[in-house]
2 protein chains.
Amino acid sequence: MKQRLAAIGTVEALPHRVAAFLSREIESGDLNPGSLLPTEQQLSEKFGVSRNVVREAIAQLRADGMVEARQGIGSFVLAPEQRAAIRIDRETLKEGQNMERLFELRCILEAESAALAAERREQEHLDAIKGALDRMSGEERWEDGSIDADLLFHREIARATGNSYIHTFISFVCEQIRRSIYYARQTNPLHDLVEVNVGEHVRIYEALVAGDPAAAEAAMRAHIIGAANRVGVKLPSARGERTGGGK
Amino acid sequence: MKQRLAAIGTVEALPHRVAAFLSREIESGDLNPGSLLPTEQQLSEKFGVSRNVVREAIAQLRADGMVEARQGIGSFVLAPEQRAAIRIDRETLKEGQNMERLFELRCILEAESAALAAERREQEHLDAIKGALDRMSGEERWEDGSIDADLLFHREIARATGNSYIHTFISFVCEQIRRSIYYARQTNPLHDLVEVNVGEHVRIYEALVAGDPAAAEAAMRAHIIGAANRVGVKLPSARGERTGGGK
DNA sequence: GTTATACATATCATCCTACAACCTGAATTG
DNA sequence: CAATTCAGGTTGTAGGATGATATGTATAAC
(Lines give C-alpha, C1' and ligand atoms only; values in the text may rest on other atoms or scores of the structure.)
Protein backbone atom coordinates (compact mmCIF):
# COMPACT_ATOMS: atom_id res chain seq x y z
CA MET A 1 0.00 0.00 0.00
CA LYS A 2 1.34 3.34 -0.97
CA GLN A 3 0.98 6.05 1.61
CA ARG A 4 0.17 9.60 0.63
CA LEU A 5 2.42 12.21 2.20
CA ALA A 6 0.52 15.38 2.82
CA ALA A 7 2.34 18.57 1.91
CA ILE A 8 0.75 21.04 4.26
CA GLY A 9 1.41 24.66 3.51
CA THR A 10 4.90 25.12 2.15
CA VAL A 11 6.42 22.49 -0.06
CA GLU A 12 8.96 20.64 2.01
CA ALA A 13 11.54 18.23 0.75
CA LEU A 14 10.62 14.56 0.77
CA PRO A 15 13.01 13.48 3.55
CA HIS A 16 11.53 16.09 5.85
CA ARG A 17 8.03 14.90 5.12
CA VAL A 18 8.92 11.27 5.77
CA ALA A 19 10.71 12.23 8.98
CA ALA A 20 7.73 14.27 10.10
CA PHE A 21 5.39 11.37 9.41
CA LEU A 22 7.48 8.89 11.35
CA SER A 23 8.05 11.42 14.09
CA ARG A 24 4.31 11.86 14.52
CA GLU A 25 3.83 8.11 14.59
CA ILE A 26 6.39 7.81 17.36
CA GLU A 27 5.08 10.71 19.39
CA SER A 28 1.52 9.52 19.11
CA GLY A 29 2.47 6.10 20.40
CA ASP A 30 1.69 4.15 17.23
CA LEU A 31 5.30 3.04 17.37
CA ASN A 32 6.21 1.99 20.87
CA PRO A 33 9.68 2.54 22.31
CA GLY A 34 11.80 -0.54 21.83
CA SER A 35 9.99 -1.64 18.71
CA LEU A 36 11.56 -1.80 15.30
CA LEU A 37 10.85 0.61 12.52
CA PRO A 38 9.87 -0.95 9.21
CA THR A 39 12.91 -1.65 7.08
CA GLU A 40 14.18 1.03 4.77
CA GLN A 41 12.96 -1.06 1.86
CA GLN A 42 9.44 -1.25 3.26
CA LEU A 43 9.35 2.44 4.08
CA SER A 44 10.55 3.39 0.63
CA GLU A 45 7.77 1.28 -0.90
CA LYS A 46 5.17 2.54 1.56
CA PHE A 47 5.87 6.18 0.82
CA GLY A 48 6.76 5.70 -2.81
CA VAL A 49 10.16 7.31 -2.47
CA SER A 50 13.68 6.06 -2.95
CA ARG A 51 15.62 4.41 -0.20
CA ASN A 52 17.91 7.42 -0.21
CA VAL A 53 15.10 9.64 0.92
CA VAL A 54 14.17 7.20 3.65
CA ARG A 55 17.75 7.11 4.86
CA GLU A 56 17.94 10.90 5.10
CA ALA A 57 14.69 10.92 7.02
CA ILE A 58 15.97 8.32 9.48
CA ALA A 59 19.22 10.28 9.78
CA GLN A 60 17.16 13.21 10.98
CA LEU A 61 15.30 11.08 13.52
CA ARG A 62 18.60 9.70 14.70
CA ALA A 63 20.08 13.15 15.08
CA ASP A 64 17.12 14.00 17.27
CA GLY A 65 17.71 10.87 19.27
CA MET A 66 14.33 9.38 18.50
CA VAL A 67 15.63 6.17 16.96
CA GLU A 68 18.82 4.16 17.06
CA ALA A 69 19.92 2.26 13.95
CA ARG A 70 21.80 -0.98 14.33
CA GLN A 71 23.47 -2.44 11.31
CA GLY A 72 22.11 -5.83 10.37
CA ILE A 73 19.01 -5.48 12.52
CA GLY A 74 17.06 -2.33 11.98
CA SER A 75 16.15 0.97 13.61
CA PHE A 76 14.77 0.89 17.13
CA VAL A 77 12.43 3.49 18.55
CA LEU A 78 13.98 4.96 21.69
CA ALA A 79 12.12 5.82 24.86
CA PRO A 80 12.05 9.54 25.64
CA GLU A 81 14.44 9.15 28.55
CA GLN A 82 16.96 7.34 26.36
CA ARG A 83 17.14 10.07 23.80
CA ALA A 84 20.45 11.82 23.46
CA ALA A 85 19.00 15.16 22.54
CA ILE A 86 15.83 17.16 22.54
CA ARG A 87 14.78 20.19 20.63
CA ILE A 88 12.31 22.97 20.22
CA ASP A 89 11.69 24.09 16.70
CA ARG A 90 9.78 27.00 15.35
CA GLU A 91 6.99 24.84 14.11
CA THR A 92 6.23 23.86 17.67
CA LEU A 93 5.83 27.48 18.59
CA LYS A 94 3.85 28.38 15.50
CA GLU A 95 0.74 26.83 16.95
CA GLY A 96 -1.27 29.49 18.68
CA GLN A 97 1.00 32.37 17.87
CA ASN A 98 0.24 34.63 20.73
CA MET A 99 2.24 37.79 20.95
CA GLU A 100 1.16 38.59 24.45
CA ARG A 101 2.40 35.30 25.82
CA LEU A 102 5.56 35.50 23.82
CA PHE A 103 6.32 38.89 25.28
CA GLU A 104 5.57 37.54 28.72
CA LEU A 105 8.12 34.80 28.29
CA ARG A 106 10.60 37.28 26.91
CA CYS A 107 10.05 39.53 29.90
CA ILE A 108 10.79 36.72 32.32
CA LEU A 109 13.95 35.70 30.53
CA GLU A 110 15.35 39.12 29.81
CA ALA A 111 14.62 40.82 33.11
CA GLU A 112 16.56 38.26 35.10
CA SER A 113 19.24 38.08 32.48
CA ALA A 114 19.76 41.80 32.68
CA ALA A 115 20.34 41.44 36.42
CA LEU A 116 22.81 38.62 35.85
CA ALA A 117 24.55 40.60 33.15
CA ALA A 118 24.92 43.57 35.49
CA GLU A 119 26.83 41.35 37.89
CA ARG A 120 28.98 39.52 35.39
CA ARG A 121 29.58 41.86 32.47
CA GLU A 122 33.17 42.46 31.38
CA GLN A 123 34.38 45.53 29.55
CA GLU A 124 34.20 43.65 26.29
CA HIS A 125 30.48 43.08 26.75
CA LEU A 126 29.83 46.70 27.62
CA ASP A 127 31.63 47.73 24.45
CA ALA A 128 29.54 45.38 22.32
CA ILE A 129 26.31 46.57 23.95
CA LYS A 130 27.34 50.19 23.46
CA GLY A 131 28.06 49.44 19.83
CA ALA A 132 24.56 48.14 19.29
CA LEU A 133 23.15 51.16 21.10
CA ASP A 134 25.06 53.52 18.82
CA ARG A 135 23.85 51.73 15.72
CA MET A 136 20.32 52.04 17.04
CA SER A 137 20.48 55.80 17.51
CA GLY A 138 22.98 56.59 14.77
CA GLU A 139 22.42 57.76 11.25
CA GLU A 140 21.86 54.30 9.86
CA ARG A 141 18.45 54.37 11.36
CA TRP A 142 16.50 52.98 8.51
CA GLU A 143 13.80 50.62 9.59
CA ASP A 144 15.28 47.19 9.42
CA GLY A 145 18.68 48.37 10.52
CA SER A 146 17.41 49.75 13.77
CA ILE A 147 15.48 46.57 14.45
CA ASP A 148 18.61 44.56 13.85
CA ALA A 149 20.53 46.78 16.22
CA ASP A 150 17.75 46.43 18.76
CA LEU A 151 17.92 42.66 18.65
CA LEU A 152 21.69 42.73 18.74
CA PHE A 153 21.53 44.89 21.86
CA HIS A 154 19.42 42.27 23.61
CA ARG A 155 21.53 39.39 22.39
CA GLU A 156 24.70 41.05 23.62
CA ILE A 157 23.20 41.47 27.05
CA ALA A 158 22.26 37.82 27.04
CA ARG A 159 25.81 36.98 26.06
CA ALA A 160 27.13 39.05 28.94
CA THR A 161 25.48 36.65 31.38
CA GLY A 162 28.11 34.12 30.36
CA ASN A 163 25.37 31.52 30.06
CA SER A 164 25.10 30.19 26.55
CA TYR A 165 21.70 28.62 27.16
CA ILE A 166 20.26 31.95 28.21
CA HIS A 167 21.76 33.47 25.10
CA THR A 168 20.26 30.75 22.92
CA PHE A 169 16.81 30.96 24.45
CA ILE A 170 16.61 34.73 24.34
CA SER A 171 17.84 34.81 20.75
CA PHE A 172 15.20 32.29 19.86
CA VAL A 173 12.35 34.16 21.50
CA CYS A 174 13.44 37.51 20.12
CA GLU A 175 13.69 36.11 16.62
CA GLN A 176 10.23 34.62 16.99
CA ILE A 177 8.85 38.02 17.94
CA ARG A 178 10.69 39.73 15.14
CA ARG A 179 9.16 37.38 12.63
CA SER A 180 5.71 37.91 14.02
CA ILE A 181 6.16 41.67 13.77
CA TYR A 182 7.50 41.38 10.26
CA TYR A 183 4.50 39.32 9.31
CA ALA A 184 2.09 41.75 10.94
CA ARG A 185 3.69 44.64 9.08
CA GLN A 186 3.12 42.92 5.76
CA THR A 187 -0.57 42.50 6.40
CA ASN A 188 -0.93 45.98 7.83
CA PRO A 189 1.83 48.12 6.35
CA LEU A 190 0.34 51.44 7.40
CA HIS A 191 0.89 50.72 11.03
CA ASP A 192 4.47 51.59 11.87
CA LEU A 193 5.51 48.81 14.14
CA VAL A 194 9.23 49.38 14.09
CA GLU A 195 9.47 52.29 16.47
CA VAL A 196 12.46 51.76 18.72
CA ASN A 197 12.66 53.62 21.98
CA VAL A 198 16.28 54.61 22.43
CA GLY A 199 15.81 56.12 25.87
CA GLU A 200 14.72 52.86 27.42
CA HIS A 201 17.77 51.15 26.01
CA VAL A 202 20.06 53.83 27.38
CA ARG A 203 18.67 53.32 30.86
CA ILE A 204 19.36 49.60 30.65
CA TYR A 205 22.86 50.24 29.44
CA GLU A 206 23.59 52.69 32.25
CA ALA A 207 22.43 50.19 34.84
CA LEU A 208 24.76 47.60 33.35
CA VAL A 209 27.67 50.04 33.42
CA ALA A 210 26.89 50.83 37.04
CA GLY A 211 26.75 47.11 37.78
CA ASP A 212 23.38 47.50 39.46
CA PRO A 213 21.36 44.28 39.03
CA ALA A 214 18.11 45.57 40.48
CA ALA A 215 18.17 48.69 38.32
CA ALA A 216 19.03 46.67 35.22
CA GLU A 217 16.18 44.27 35.88
CA ALA A 218 13.71 47.09 36.44
CA ALA A 219 14.84 48.96 33.34
CA MET A 220 14.62 45.85 31.21
CA ARG A 221 11.17 45.02 32.51
CA ALA A 222 9.95 48.53 31.82
CA HIS A 223 11.45 48.41 28.35
CA ILE A 224 9.82 45.15 27.37
CA ILE A 225 6.46 46.23 28.68
CA GLY A 226 6.91 49.42 26.67
CA ALA A 227 7.96 47.54 23.56
CA ALA A 228 4.95 45.29 23.88
CA ASN A 229 2.67 48.28 24.18
CA ARG A 230 4.19 49.87 21.10
CA VAL A 231 3.24 46.86 18.99
CA GLY A 232 -0.23 46.86 20.46
CA VAL A 233 0.23 44.16 23.08
CA LYS A 234 -0.98 44.97 26.53
CA LEU A 235 1.22 43.13 28.96
CA PRO A 236 -0.30 42.50 32.37
CA SER A 237 1.98 44.81 34.25
CA ALA A 238 1.05 43.65 37.73
CA ARG A 239 3.96 41.26 37.92
CA GLY A 240 6.26 43.68 36.22
CA GLU A 241 5.65 46.40 38.78
CA ARG A 242 5.69 44.07 41.70
CA THR A 243 9.02 42.50 40.95
CA GLY A 244 10.76 45.21 39.02
CA GLY A 245 9.64 48.32 40.81
CA GLY A 246 10.52 47.24 44.31
CA LYS A 247 13.76 47.64 46.24
CA MET B 1 43.25 17.17 -0.90
CA LYS B 2 41.73 14.36 1.04
CA GLN B 3 40.81 15.13 4.60
CA ARG B 4 41.24 12.57 7.35
CA LEU B 5 38.19 12.18 9.57
CA ALA B 6 39.20 11.32 13.08
CA ALA B 7 37.18 8.62 14.77
CA ILE B 8 37.51 9.51 18.40
CA GLY B 9 36.49 6.86 20.86
CA THR B 10 33.51 4.94 19.53
CA VAL B 11 33.22 4.18 15.87
CA GLU B 12 30.60 6.53 14.50
CA ALA B 13 28.98 6.33 11.12
CA LEU B 14 30.49 8.41 8.36
CA PRO B 15 27.63 10.91 8.02
CA HIS B 16 27.87 11.70 11.71
CA ARG B 17 31.59 12.30 11.45
CA VAL B 18 31.17 14.60 8.46
CA ALA B 19 28.39 16.46 10.22
CA ALA B 20 30.50 16.84 13.34
CA PHE B 21 33.38 18.17 11.31
CA LEU B 22 31.26 20.76 9.50
CA SER B 23 29.47 21.61 12.72
CA ARG B 24 32.77 22.38 14.42
CA GLU B 25 33.83 24.50 11.47
CA ILE B 26 30.65 26.50 11.73
CA GLU B 27 30.75 26.91 15.50
CA SER B 28 34.39 27.93 15.45
CA GLY B 29 33.69 30.60 12.91
CA ASP B 30 35.73 29.15 10.08
CA LEU B 31 32.52 29.22 8.09
CA ASN B 32 30.79 32.54 8.54
CA PRO B 33 27.01 32.86 8.64
CA GLY B 34 25.67 33.73 5.22
CA SER B 35 28.48 32.02 3.38
CA LEU B 36 28.03 28.99 1.20
CA LEU B 37 29.14 25.53 2.14
CA PRO B 38 31.34 23.76 -0.39
CA THR B 39 29.26 21.82 -2.88
CA GLU B 40 28.30 18.26 -2.10
CA GLN B 41 30.67 17.17 -4.83
CA GLN B 42 33.60 19.03 -3.29
CA LEU B 43 32.84 17.78 0.18
CA SER B 44 32.57 14.20 -0.99
CA GLU B 45 35.99 14.51 -2.60
CA LYS B 46 37.49 16.32 0.37
CA PHE B 47 36.42 13.66 2.85
CA GLY B 48 36.74 10.74 0.48
CA VAL B 49 33.15 9.64 0.94
CA SER B 50 30.21 9.35 -1.40
CA ARG B 51 27.85 12.23 -2.06
CA ASN B 52 25.23 10.20 -0.28
CA VAL B 53 27.12 10.38 2.98
CA VAL B 54 27.61 14.09 2.53
CA ARG B 55 23.91 14.54 1.92
CA GLU B 56 23.00 12.72 5.13
CA ALA B 57 25.48 14.86 7.03
CA ILE B 58 23.98 18.05 5.62
CA ALA B 59 20.51 16.73 6.39
CA GLN B 60 21.55 16.55 10.01
CA LEU B 61 22.90 20.09 9.98
CA ARG B 62 19.70 21.25 8.37
CA ALA B 63 17.59 19.53 10.99
CA ASP B 64 19.59 21.42 13.60
CA GLY B 65 18.96 24.65 11.75
CA MET B 66 22.64 25.30 11.18
CA VAL B 67 22.42 25.47 7.40
CA GLU B 68 19.73 26.09 4.83
CA ALA B 69 19.93 24.27 1.50
CA ARG B 70 18.58 25.90 -1.63
CA GLN B 71 18.17 23.81 -4.70
CA GLY B 72 20.28 24.99 -7.60
CA ILE B 73 22.48 27.19 -5.41
CA GLY B 74 23.96 25.47 -2.39
CA SER B 75 23.78 25.31 1.38
CA PHE B 76 24.06 28.53 3.34
CA VAL B 77 25.41 28.75 6.85
CA LEU B 78 22.82 30.29 9.16
CA ALA B 79 23.57 32.65 12.03
CA PRO B 80 22.71 31.27 15.47
CA GLU B 81 19.82 33.68 15.84
CA GLN B 82 18.34 32.52 12.54
CA ARG B 83 18.25 28.90 13.54
CA ALA B 84 14.92 27.20 13.44
CA ALA B 85 15.47 25.04 16.45
CA ILE B 86 17.00 24.88 19.87
CA ARG B 87 18.82 21.66 20.43
CA ILE B 88 20.79 20.45 23.38
CA ASP B 89 22.46 17.07 23.32
CA ARG B 90 23.82 15.08 26.15
CA GLU B 91 27.41 15.34 25.05
CA THR B 92 27.25 19.09 25.51
CA LEU B 93 26.08 18.67 29.06
CA LYS B 94 28.99 16.42 29.90
CA GLU B 95 31.21 19.44 29.61
CA GLY B 96 31.71 20.95 33.04
CA GLN B 97 29.75 24.10 33.56
CA ASN B 98 26.89 23.35 31.25
CA MET B 99 24.80 21.61 33.86
CA GLU B 100 25.20 24.59 36.14
CA ARG B 101 24.09 26.92 33.36
CA LEU B 102 21.08 24.79 32.62
CA PHE B 103 20.02 24.93 36.25
CA GLU B 104 20.51 28.66 36.21
CA LEU B 105 18.19 28.99 33.24
CA ARG B 106 15.72 26.69 34.89
CA CYS B 107 15.79 28.79 38.02
CA ILE B 108 14.98 31.94 36.08
CA LEU B 109 12.12 30.35 34.20
CA GLU B 110 10.55 28.42 37.02
CA ALA B 111 10.81 31.04 39.74
CA GLU B 112 8.90 33.62 37.76
CA SER B 113 6.51 31.04 36.46
CA ALA B 114 5.67 29.99 39.98
CA ALA B 115 4.78 33.57 40.76
CA LEU B 116 2.59 33.79 37.66
CA ALA B 117 0.97 30.49 38.49
CA ALA B 118 0.15 31.71 42.00
CA GLU B 119 -1.82 34.56 40.45
CA ARG B 120 -3.58 32.64 37.73
CA ARG B 121 -4.06 29.09 38.95
CA GLU B 122 -7.55 27.66 38.78
CA GLN B 123 -8.84 24.86 40.95
CA GLU B 124 -8.18 22.41 38.15
CA HIS B 125 -4.50 23.28 38.16
CA LEU B 126 -4.22 22.97 41.92
CA ASP B 127 -5.79 19.52 41.70
CA ALA B 128 -3.32 18.42 39.05
CA ILE B 129 -0.38 19.77 41.02
CA LYS B 130 -1.64 18.08 44.15
CA GLY B 131 -1.95 14.84 42.24
CA ALA B 132 1.70 14.98 41.24
CA LEU B 133 2.66 15.81 44.80
CA ASP B 134 0.78 12.78 46.11
CA ARG B 135 2.43 10.50 43.60
CA MET B 136 5.77 11.86 44.68
CA SER B 137 5.24 11.11 48.35
CA GLY B 138 2.90 8.14 48.00
CA GLU B 139 3.63 4.46 48.07
CA GLU B 140 4.61 4.27 44.44
CA ARG B 141 7.83 5.90 45.36
CA TRP B 142 10.14 3.73 43.38
CA GLU B 143 12.92 5.65 41.76
CA ASP B 144 11.72 6.49 38.30
CA GLY B 145 8.18 7.01 39.43
CA SER B 146 9.12 9.73 41.83
CA ILE B 147 11.25 11.46 39.21
CA ASP B 148 8.34 11.35 36.80
CA ALA B 149 6.05 12.78 39.43
CA ASP B 150 8.61 15.47 40.19
CA LEU B 151 8.74 16.56 36.56
CA LEU B 152 4.99 16.37 36.27
CA PHE B 153 4.70 18.65 39.29
CA HIS B 154 6.83 21.27 37.58
CA ARG B 155 5.08 20.92 34.25
CA GLU B 156 1.70 21.34 35.86
CA ILE B 157 2.84 24.54 37.51
CA ALA B 158 4.07 25.77 34.16
CA ARG B 159 0.70 24.88 32.69
CA ALA B 160 -1.06 26.85 35.41
CA THR B 161 0.55 30.04 34.09
CA GLY B 162 -1.76 29.71 31.10
CA ASN B 163 1.20 30.44 28.85
CA SER B 164 1.95 27.57 26.49
CA TYR B 165 5.36 28.99 25.58
CA ILE B 166 6.44 28.92 29.19
CA HIS B 167 5.14 25.38 29.42
CA THR B 168 7.12 24.32 26.37
CA PHE B 169 10.36 25.90 27.51
CA ILE B 170 10.17 24.58 31.05
CA SER B 171 9.29 21.10 29.83
CA PHE B 172 12.30 21.27 27.58
CA VAL B 173 14.73 22.28 30.29
CA CYS B 174 13.34 19.85 32.85
CA GLU B 175 13.47 16.99 30.40
CA GLN B 176 17.06 17.78 29.59
CA ILE B 177 18.03 17.76 33.24
CA ARG B 178 16.15 14.52 33.83
CA ARG B 179 18.02 12.81 31.06
CA SER B 180 21.33 14.01 32.34
CA ILE B 181 20.52 12.56 35.73
CA TYR B 182 19.33 9.32 34.17
CA TYR B 183 22.56 9.10 32.25
CA ALA B 184 24.72 9.95 35.25
CA ARG B 185 23.03 7.23 37.25
CA GLN B 186 23.93 4.66 34.62
CA THR B 187 27.59 5.49 34.81
CA ASN B 188 27.62 5.75 38.58
CA PRO B 189 24.76 3.65 39.92
CA LEU B 190 25.95 3.69 43.51
CA HIS B 191 25.37 7.36 43.85
CA ASP B 192 21.72 7.89 44.56
CA LEU B 193 20.88 10.94 42.54
CA VAL B 194 17.14 10.60 42.60
CA GLU B 195 16.51 11.93 46.04
CA VAL B 196 13.41 14.07 45.85
CA ASN B 197 12.78 16.57 48.57
CA VAL B 198 9.08 16.44 49.21
CA GLY B 199 9.10 19.22 51.78
CA GLU B 200 10.31 21.80 49.27
CA HIS B 201 7.54 20.80 46.90
CA VAL B 202 4.92 21.08 49.62
CA ARG B 203 6.00 24.62 50.39
CA ILE B 204 5.64 25.58 46.74
CA TYR B 205 2.22 24.00 46.58
CA GLU B 206 1.06 25.80 49.69
CA ALA B 207 2.16 29.14 48.28
CA LEU B 208 0.19 28.41 45.13
CA VAL B 209 -2.90 27.50 47.11
CA ALA B 210 -2.53 30.71 49.10
CA GLY B 211 -2.19 32.64 45.85
CA ASP B 212 0.98 34.31 47.11
CA PRO B 213 3.29 35.06 44.14
CA ALA B 214 6.27 36.22 46.18
CA ALA B 215 6.17 33.17 48.43
CA ALA B 216 5.77 30.85 45.44
CA GLU B 217 8.73 32.43 43.71
CA ALA B 218 10.90 32.21 46.81
CA ALA B 219 9.93 28.60 47.47
CA MET B 220 10.61 27.61 43.88
CA ARG B 221 13.96 29.34 43.86
CA ALA B 222 14.98 27.63 47.08
CA HIS B 223 13.83 24.30 45.70
CA ILE B 224 15.81 24.54 42.49
CA ILE B 225 18.95 25.66 44.28
CA GLY B 226 18.46 22.69 46.59
CA ALA B 227 17.86 20.31 43.70
CA ALA B 228 20.99 21.57 41.99
CA ASN B 229 23.01 21.00 45.12
CA ARG B 230 21.66 17.49 45.48
CA VAL B 231 23.03 16.53 42.06
CA GLY B 232 26.33 18.17 42.85
CA VAL B 233 25.81 21.47 41.05
CA LYS B 234 26.66 24.54 43.04
CA LEU B 235 24.40 27.32 41.95
CA PRO B 236 25.61 30.85 42.64
CA SER B 237 22.98 31.69 45.18
CA ALA B 238 23.64 35.41 45.33
CA ARG B 239 20.92 36.19 42.81
CA GLY B 240 18.66 33.64 44.34
CA GLU B 241 18.79 35.22 47.74
CA ARG B 242 18.64 38.74 46.47
CA THR B 243 15.53 38.30 44.40
CA GLY B 244 13.83 35.46 46.17
CA GLY B 245 14.50 36.31 49.79
CA GLY B 246 13.29 39.85 49.74
CA LYS B 247 9.81 41.25 50.21
C1' DG C 1 21.24 -35.35 22.22
C1' DT C 2 24.09 -31.49 22.48
C1' DT C 3 27.32 -28.41 20.82
C1' DA C 4 29.88 -26.11 17.25
C1' DT C 5 30.57 -24.64 12.85
C1' DA C 6 29.20 -23.07 8.30
C1' DC C 7 25.83 -21.08 5.56
C1' DA C 8 21.89 -18.42 3.91
C1' DT C 9 19.27 -14.50 4.80
C1' DA C 10 17.96 -9.97 6.31
C1' DT C 11 19.27 -5.43 7.27
C1' DC C 12 21.84 -1.30 7.51
C1' DA C 13 26.09 1.29 5.45
C1' DT C 14 28.22 2.98 1.61
C1' DC C 15 29.13 3.77 -3.15
C1' DC C 16 27.95 4.73 -7.90
C1' DT C 17 25.46 6.57 -11.91
C1' DA C 18 21.75 8.85 -13.90
C1' DC C 19 18.22 12.10 -14.28
C1' DA C 20 14.97 15.90 -12.71
C1' DA C 21 14.32 20.51 -10.77
C1' DC C 22 16.19 24.78 -10.15
C1' DC C 23 19.28 28.88 -10.28
C1' DT C 24 22.72 31.83 -12.55
C1' DG C 25 24.92 34.12 -16.00
C1' DA C 26 26.30 34.49 -20.73
C1' DA C 27 25.19 34.18 -25.54
C1' DT C 28 21.70 34.95 -28.92
C1' DT C 29 18.06 37.21 -31.09
C1' DG C 30 14.47 40.58 -31.99
C1' DC D 1 18.96 47.81 -25.80
C1' DA D 2 15.72 44.33 -24.04
C1' DA D 3 13.96 39.89 -23.98
C1' DT D 4 14.74 35.20 -24.77
C1' DT D 5 17.33 31.14 -25.04
C1' DC D 6 20.80 28.26 -23.80
C1' DA D 7 24.58 26.12 -21.21
C1' DG D 8 26.63 24.92 -16.94
C1' DG D 9 26.51 24.15 -12.13
C1' DT D 10 24.02 22.59 -7.84
C1' DT D 11 20.75 20.35 -5.09
C1' DG D 12 16.86 16.73 -5.07
C1' DT D 13 15.49 12.06 -6.15
C1' DA D 14 15.76 7.46 -8.14
C1' DG D 15 17.58 2.86 -8.41
C1' DG D 16 20.99 -0.58 -8.32
C1' DA D 17 25.29 -2.79 -6.54
C1' DT D 18 28.39 -4.09 -2.97
C1' DG D 19 30.28 -4.41 1.86
C1' DA D 20 29.47 -5.06 6.91
C1' DT D 21 26.92 -7.00 10.52
C1' DA D 22 23.38 -9.65 13.07
C1' DT D 23 20.21 -13.70 13.16
C1' DG D 24 18.39 -18.04 12.48
C1' DT D 25 19.01 -22.66 10.40
C1' DA D 26 20.98 -26.69 8.88
C1' DT D 27 24.70 -29.64 8.99
C1' DA D 28 28.56 -32.02 11.17
C1' DA D 29 31.19 -33.50 15.11
C1' DC D 30 31.34 -35.23 19.67
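The values are calculated or read from the model by the stated rules, or taken from the named source; none is laboratory data. These figures come from a predicted structure and were not determined experimentally. Glycine also receives a Cβ, built like all others from the backbone with ideal geometry; neighbour counts cover every protein chain displayed. Just so you know, the surface numbers come from the protein's heavy atoms only, side chains and all, with ligands and any DNA or RNA stripped out. Shrake-Rupley method; radii C 1.70, N 1.55, O 1.52, S 1.80 Å.
Among the residues in segment B:44-57, are any within 13 Å of DNA strand C (Cβ to nearest atom), free of Cβ contacts under 8 Å to residues at least 60 places away in the same chain and assigned to a strand (DSSP E or B)?
no
Answer yes if at least one residue in segment B:67-79 is facing another protein chain (nearest Cβ under 10 Å), away from DNA strand C (no atom under 16 Å from the Cβ) and not charged (D, E, K, R), and no otherwise.
yes
Can you find a residue in segment B:13-21 that is more than 16 Å from DNA strand D (Cβ to nearest atom) and within 13 Å of chain A (Cβ to nearest Cβ)?
Looking through segment B:13-21, at least one residue is more than 16 Å from DNA strand D (Cβ to nearest atom) and within 13 Å of chain A (Cβ to nearest Cβ).
Are there any pairs with C-beta distances below 9 angstrom linking a residue in segment B:221-246 that is within 16 Å of A:Asn163 (Cβ to Cβ) to a residue that is modelled with pLDDT of 50 or more and among the polar types (S, T, N, Q), with the two at least 6 apart or on different chains, and if so which?
The qualifying pairs are B:Ile225/B:Ser237; B:Leu235/B:Asn229.
Inside segment B:169-200, can you point out the residues that are in contact with a Ser or Thr (Cβ under 8 Å, 6 or more places away or on another chain) and either at pLDDT 85 or above or open to solvent by 40 Å² or more (accessible area, probe 1.4 Å) (or both)?
The answer is B:Ile170, and nothing else.
Here is a list of conditions, (1) at pLDDT below 90; (2) open to solvent by 80 Å² or more (accessible area, probe 1.4 Å); (3) more than 20 Å from A:Glu68 (Cβ to Cβ), and B:Ile8 meets all of them except one; can you say which number that is?
Here B:Ile8 clears every test but (3).
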